[in-house]
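Comments concern the structure below.
The values are calculated or read from the model by the stated rules, or taken from the named source; none is laboratory data. Treat the numbers as computed from the prediction; the structure is a model and nothing was measured. Cβ atoms come from the backbone with ideal geometry, glycine included; neighbour counts cover every protein chain shown. Side chains are part of the model used for accessible areas, which takes the heavy atoms of the whole protein and leaves out ligands, DNA and RNA. Shrake-Rupley method; radii C 1.70, N 1.55, O 1.52, S 1.80 Å.
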Amino acid sequence: MTTEPGDKRDDEGNDEPVEIPVETGEEAPEEPAAESAEQLTERLMRLQAEFENFRKRSVRERAEWGARAKETLVLDLLPVVDSFDRALGEAAGSPSLSLDEAGLQGGMMLVHKQLLSALAGQGVTPIEALGEPFDPNLHEAFMSRPAEEGETPGTIVTEFATGYRMGDRVIRPTKGVVAGEPESDSEPEVGSEEE
């Protein structure tokens, strides 16, 4: 049993502090022991390592966000490149162009070249597909047709939309026609017996 000072009046009515007995079953807990210098140093080093990992992860995530934003912009520009490709293909197939039309075609070719150059500056490169074996990681088969003379089965024979890479990543596969097995010249007759 211990005693604590209190604000009780004694029997005579005086307002002087009086000791009040207090019973406790346990001793008062001691203050937690202070960490040693070695433990504090270890804890500080762990916190430093965690902060460094956080900083590196933040830098990596920021770079990934930038790459995704650039990829989105490039994907928005690729239909413009496709339109230039189609327009230039049509102009090249025209047998006779007037002087004005030839100048327009030359201007379109220049703009097309500049656009491809700007994309290449951002790490965007076209995927070469014509005559290449079909690879589902790089190509999307629009359709298949029998291989003609000089074509290898399983290769891309016509390209509808050029595929592009950004660095090592395919951002759009090439869309094209794949050559299948060649048709045989003699078709077997089915159920044609003379009676």
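Only one of these is closer than 21 Å to D168 by Cβ and either over 27 Å from the mean Cα position of the chain (by Cα) or among the charged types (D, E, K, R) (or both): R68, R145, R86. Name it.
Numbers: R145 fails: closer than 21 Å to D168 by Cβ; R86 fails: closer than 21 Å to D168 by Cβ.
That would be R68, the only listed residue that is closer than 21 Å to D168 by Cβ and either over 27 Å from the mean Cα position of the chain (by Cα) or among the charged types (D, E, K, R) (or both).
Taken as a whole, the structure leaves D135 outside the set of residues that are acidic (D, E), within 24 Å of E71 (Cβ to Cβ), at pLDDT 85 or above and exposed (fewer than 11 other Cβ atoms within 10 Å of the Cβ).
Going by the conditions given, is L116 under 27 Å from D76 (Cβ atoms), open to solvent by 80 Å² or more (accessible area, probe 1.4 Å) and aliphatic (A, V, I, L, M)?
On the way: under 27 Å from D76 (Cβ atoms): yes; open to solvent by 80 Å² or more (accessible area, probe 1.4 Å): no; aliphatic (A, V, I, L, M): yes.
Spelling it out, it is not the case that L116 is under 27 Å from D76 (Cβ atoms), open to solvent by 80 Å² or more (accessible area, probe 1.4 Å) and aliphatic (A, V, I, L, M).
State which residue is modelled with the highest pLDDT when the search covers only segment 28-74 and only residues that are open to solvent by less than 70 Å² (accessible area, probe 1.4 Å) and of a type in the set (A, V, I, L, M, F, W, C). Among residues in segment 28-74 that are open to solvent by less than 70 Å² (accessible area, probe 1.4 Å) and of a type in the set (A, V, I, L, M, F, W, C), the one modelled with the highest pLDDT is A49.
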